[in-house]
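K.L.:
Pasting in a structure now, in structure tokens, and then I'll have a few things to ask.
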């Protein structure tokens, strides 16, 4: 295994930093470690390939936006919209993240150990084998999975009872599913969302996701494989079909 | 109690002496107006949309169409339309959808603006003899240039930002694959490649048949982020963030599931038959700072090699908003006036929200000049540009270039019937039904659209020559060469133009 490329990002602007990352990946570097990251935006933005990027510190907004392939692990919190319109690859955040996490994500996985802000997983979509996954270890704010068109959002709610207590869950959802540990008060569901039974088959489907998440953060998966979940899905794939009449 | 039916919108009749029963009308009408019973063509006028497909295909000119054959009691306030909308909503309780642009009889400012020409004191220029410079660069211009001397040579040291190079200040605006058919989009793509200009892809990804023309496309990223990935961003010659649309400012868009066929589903990367919903705002843009972040994110993802445009609807504070956009690292601001077209919009928005493009162009150009940042962004104007006169006036008001939409569709056959949202377009434009889409031959369509662009370009050269101008830069923002005819003082002040005679 080649030595990782280590970059001290202290005081560095995001453009030269991203250029350096892109050039390194293009030249075949497989592992990059960024130290002293403090607010640099767009890390891994539009990056292709299978490199692994370790971020030590707190990256700025749009981490991994349009990213297509790499794995990016953050030892710290993340800002606004990590995984925005991400295409493929993995983001692992050992901390919490801001609003619009996984906004319009199209594929790959985003794992957040702590909490996320408002509009998590908003407008995630899926197409054929591309099915994005967002897993949140802690809790989330309002409008989780708003306008969701595909994919999976899983909220474990570690240390939170109930796991989610903010409103507007799945408002305008027309595809995909939101799985939340424990019961979810139907008053918290947004327009167009409905709660359905979480079946054995559902548990089988999310088990590999739970196991991978727990392995990433060194958490015992057992308590999460032996508990109840709520599943929230669209009440219709055509939420606006009945809203309009012709001229 | 039943409300009964409302009178016919259009009445179709066939001159039976002329008709040779070739059945072209029956075959061509996708709305089902014509059918054959006992060897006779039977007409159901209620289904007619006035798309003129049958009329244009009838070899004997035997078909006649009359609009509103039944009179209501005339009333200046309670127009036919007002009454029928109430009846419709009393029946359904729903939002009324309408196609094409604003259909209210607002004054058209373009028609109250007149251009100048030279007489005696300065000679006009004959474009047949003198070169007319119409080449237009869209993007940031440096506020100053720095050079170094190098052994007698002079080297430019200022880092220039990428610009789009247009052979004529006229592009085709964003109409997505999904809203329009692939053959329609392909015709437009071939036409812009022929004429040295650009077209917008709309928010719907890029179908692989457009790839050969990708260097002439501007890829759009809207709030639904449909079909957006790094490959798509890298394909376009420029990237446009769509914030708003003139036909429906402030609201999102819904492509109905009926239009999401296998190919559209693949290009947008959404499941077959599902509604494609673009939310009202971009949910990662809640402020002008967030807009700057998205602009920079797009540039960062494409290595700062692509100009990024931001498109907004012309609304009351358009000038201040454009000044914010000019400071966001964006390279151009696209302003879409309230007469802009659309496949479908709630009628109440289409007819009531936003401002005219003419006032918006002048206000934005002036604001950017006043703040000394006009060089930071180009201005692209759209929304109801019908001919080269509107084009010349737009540039004189301050635009760098215009987008046309409806005009380019008319060049493909559209007769502005406004039923785009029904997906049955008999001209093969606003439909995904293969038997209708096949009615457009992209080679023929491309030639028609290229002819239109060519003709307007010729007329623009003539207008400029007549005004004694030989480069488009001399016309741009040159409001001294415009006069207002029967415009009120308020509007003259906003547009900073004088009245005729002044």
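One line per residue, one yes/no per condition, for (1) more than 14 Å from every other protein chain (Cβ to nearest Cβ); (2) surrounded by 18 or more Cβ atoms within 10 Å (Cβ to Cβ):
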site	(1), (2)
A:211	yes, no
A:220	yes, no
A:226	yes, no
A:232	yes, yes
A:235	no, no
A:246	no, no
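K.L.:
Tell me which helices (runs of 4 or more DSSP H) are completely within the stretch B:300-398 and hold 3 or more residues being out of contact with any strand residue (DSSP E or B) (no Cβ under 6 Å at 6 or more places or on another chain), under 17 Å from residue B:476 (Cβ atoms) and at pLDDT 95 or above, or say none if there are none.
P.N.:
B:357-370, B:388-397
K.L.:
Oh, and also: Test each condition in (1) in a loop (DSSP other than H, G, I, E, B); (2) away from chain A (no Cβ under 14 Å) for residue B:282 and report the one that comes out false.
P.N.:
Failed condition: (2).
K.L.:
Right, something else. State yes or no: is residue B:240 surrounded by fewer than 19 Cβ atoms within 10 Å (Cβ to Cβ) and in contact (Cβ under 8 Å) with a residue 40 or more places away in the chain?
P.N.:
Taking the combined requirement at face value, the residue does not satisfy it.
K.L.:
Against the condition within 14 Å of chain A (Cβ to nearest Cβ), closer than 30 Å to residue A:242 by Cα and touching a strand residue (DSSP E or B) at 6+ places or on another chain (Cβ under 6 Å), how does residue B:94 come out, does it pass?
P.N.:
yes
K.L.:
With respect to residue B:29, is the statement that it is surrounded by 18 or more Cβ atoms within 10 Å (Cβ to Cβ) and in contact with a helix residue (DSSP H, G or I) (Cβ under 9 Å, 6 or more places away or on another chain) true?
P.N.:
For residue B:29, the condition - surrounded by 18 or more Cβ atoms within 10 Å (Cβ to Cβ) and in contact with a helix residue (DSSP H, G or I) (Cβ under 9 Å, 6 or more places away or on another chain) - is met.
K.L.:
Enumerate the strands (runs of 3 or more DSSP E) found wholly within the stretch B:52-130, keeping only those where 3 or more residues are touching a helix residue (DSSP H, G or I) at 6+ places or on another chain (Cβ under 9 Å) and modelled with pLDDT under 95.
P.N.:
B:95-98
K.L.:
Would you mind finding the one in B:473, B:459 that is within 30 Å of residue B:99 (Cβ to Cβ) and assigned to a helix (DSSP H, G or I)?
P.N.:
B:459
K.L.:
Out of the residues in the stretch B:261-271 that are within 15 Å of residue B:437 (Cβ to Cβ) and in contact (Cβ under 8 Å) with a residue 40 or more places away in the chain, state the one that is nearest to the other protein chains (Cβ to nearest Cβ).
P.N.:
Across the stretch B:261-271, the extreme among qualifying residues is B:267.
K.L.:
I would also like to ask the following. What residue, of A:97, A:26, A:51, A:81, is more than 9 Å from chain B (Cβ to nearest Cβ) and out of contact with any strand residue (DSSP E or B) (no Cβ under 8 Å at 6 or more places or on another chain)?
P.N.:
Criteria check complete, one pass: A:26.
K.L.:
Let me ask something else. Can you tell me which residue in the stretch B:5-26 is farthest from the chain's Cα centre (by Cα), limited to those that are at pLDDT 95 or above, more than 12 Å from residue B:64 (Cβ to Cβ) and surrounded by fewer than 13 Cβ atoms within 10 Å (Cβ to Cβ)?
P.N.:
Filtering first and then ranking leaves B:17.
K.L.:
Which of the residues that make up the stretch B:236-260 are more than 13 Å from chain A (Cβ to nearest Cβ) and either in contact with a strand residue (DSSP E or B) (Cβ under 7 Å, 6 or more places away or on another chain) or at pLDDT below 80 (or both)?
P.N.:
Across the stretch B:236-260, the qualifying residues are B:236, B:237, B:238, B:240, B:242, B:243, B:244, B:245, B:246, B:247, B:249.
The values are calculated or read from the model by the stated rules, or taken from the named source; none is laboratory data. From a predicted model like this one, the values you see are computed outputs, not experimental measurements. Note that we place each Cβ from the backbone using ideal geometry, even for glycine, and neighbour counts take in every protein chain shown.
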